[in-house]
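Take a look at the structure below.
The values are calculated or read from the model by the stated rules, or taken from the named source; none is laboratory data. These figures come from a predicted structure and were not determined experimentally. Cβ placement follows ideal geometry from the backbone for every residue including glycine, while neighbour counts extend to all protein chains displayed. Ligands, DNA and RNA are stripped out before the accessible areas are found, and what is left, the full protein with its side chains, is counted by its heavy atoms. Shrake-Rupley method; radii C 1.70, N 1.55, O 1.52, S 1.80 Å.
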Amino acid sequence: MPRIKTETLTMGYQEHGTGDNVVLAVHGNLGCANWLDLALPLLPDQLRVVTAEWRGCGDSEKPQPTTDFSNYAMSVHARDHLALLDALGIAKCHLYCHSTGGIIASYMLDAAPDRFGKVLMLDPVSPLGLQLAPGQVDVLTAMKGDTDVCFAGLASAAPTLFRPETLVAGQSPQFAATASAGQRELFRLLVEKTRLLSDGVWFGTPQNLAREWESGALAARMPAMKHEHLILYGKMDYWIPRDHMDVMVQKLPNARLELFPSVGHSMNLEQPSLFARVFTDYFGG
């Protein structure tokens, strides 16, 4: 994977396609650029997609987290991605974001509105942030320390790849017969990639999202984010509250929501062909 030194840190990134129609892709928490591996080959070559990796993730630099994780705040991630665009010489582009990438993208829109066109959000963390759930840090600690626990935790982000009766406490998730060999191989790689994550991502992200929830400052800026937004939401998403999507549609001046009944949190992994069609239609039209 290429790496580039920006004004803030060295970042890992991948590129698909060429041309002036550029999309910056921002992955979610506990993630990396590989979350788009199944979808990228299905996109047209004339659509240039830059898949960046957060600080603390994948091949990007991993600064030692401060005691309060403030150097892994959502606004810091946003500045990193803006610096990446500068380093790549990209003056303006569209935005795609998944999960926690959503609130990072919102910070980017707020900081540099003229740099962006359309925005596609897949099961995003909204500008509201997220409340810190009881025991969440303990769960993340267990996931970090045990690959099997991590496998089970990430399985809930792609539930349609697994037999539903195995997605319960005390069970080891088992792939569904409908999960392809490519999906199984990529999922195992994504679990392995969590071993590379900084504690600033593992434990800083939930605390920083909770601070966003308590502050409400970015959420109050939603009426000023006038960019066209298409929000995709899988009805089987166990991670992101549906009502947060409704708030975004109400508060953002130009947003619409599309619901997918047979998808969980990760259409890019669960149904990559469907995801690629939506992505291409939205950005390539």
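What the table shows:
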| item | result |
| --- | --- |
| Within-15-Å neighbourhood charge of residue 74 [Cβ basis; K, R +1; D, E -1] | -1 |
| Charge dipole (debye, nearest 20) of the chain; +1 at Cβ of Lys and Arg, -1 at Cβ of Asp and Glu | 240 debye |
| Trypsin sites (Lys or Arg not before Pro) within the stretch 62-145: DSSP coil, no more than 14 neighbouring Cβ in 10 Å | 92 |
| Potential lengthening between residue 133 and residue 67 on full extension [0.36 nm per residue; Cα-Cα distance subtracted] | 21.7 nm |
| The chain: calculated mean residue ellipticity at 222 nm from DSSP helix runs of at least 4, using -39500 (n - 2.57) | -10500 deg cm²/dmol |
| Derived scalar couplings ³J(HN,Hα) [the stretch 196-205; Karplus, 6.51 cos²θ - 1.76 cosθ + 1.60; whole Hz; x for Gly, Pro] | 8, 5, 6, 4, x, 8, 3, 10, x, 4 |
| Shape category assigned to the stretch 184-235 from the gyration tensor of Cα positions, a/c cut at 1.5 | oblate |
| For the chain: rounded, prolate or oblate by the Cα gyration tensor [a/c cutoff 1.5] | rounded |
| For the stretch 4-21, 3J(HN,Hα) per residue [Karplus equation, 6.51 cos²θ - 1.76 cosθ + 1.60, θ = phi - 60°, Hz, x = Gly/Pro] | 9, 7, 10, 5, 10, 5, 8, 10, x, 7, 10, 9, 10, x, 9, x, 8, 8 |
| DSSP-defined antiparallel bridges as percent of all bridges, the stretch 1-128, nearest 5 | 35 percent |
| Cβ-based net charge around residue 109, under 14 Å, with every Lys or Arg adding one and every Asp or Glu removing one | +4 |
| Solvent-accessible area, 1.4 Å probe, carbon plus sulfur percent, for the chain | 51 percent |
| The stretch 1-53, dipole about Cα centre (Lys/Arg Cβ +1, Asp/Glu Cβ -1), debye to the nearest 20 | 120 debye |
| Cleavage-rule hits, GluC sites (Glu not before Pro), the stretch 1-104, DSSP coil, Cβ neighbours within 10 Å at most 12 | 7 |
| Whole-Hz ³J(HN,Hα) from phi, Karplus 6.51 cos²θ - 1.76 cosθ + 1.60, for the stretch 209-224, glycine and proline x | 5, 5, 5, 4, 4, 6, 6, x, 5, 5, 4, 5, 8, 4, x, 8 |
| Partner lysines for residue 92 [C-alpha distance under 18 Å; skip if fewer than 8 residues away on the same chain] | 118, 226 |
| Beta bridges per DSSP with both ends in the chain, % antiparallel, nearest 5 | 25 percent |
| Sites residue 224 and residue 259, calculated FRET efficiency, Cβ-Cβ separation with R0 35 Å, nearest 0.05 | 0.85 |
| Mean accessible surface per residue for the chain, computed with a 1.4 Å probe while every protein chain stays in place, in Å² | 41 Å² |
| Shape category assigned to the stretch 1-149 from the gyration tensor of Cα positions, a/c cut at 1.5 | prolate |
| DSSP bridge orientation in the stretch 1-59 - percent antiparallel, rounded to nearest 5 | 60 percent |
| Separation of the residue 249 and residue 146 label points, Cα + 7 Å toward Cβ, nm | 4.0 nm |
| Placed amide H near residue 239: partners under 5 Å, 5+ positions off or other chain | none |
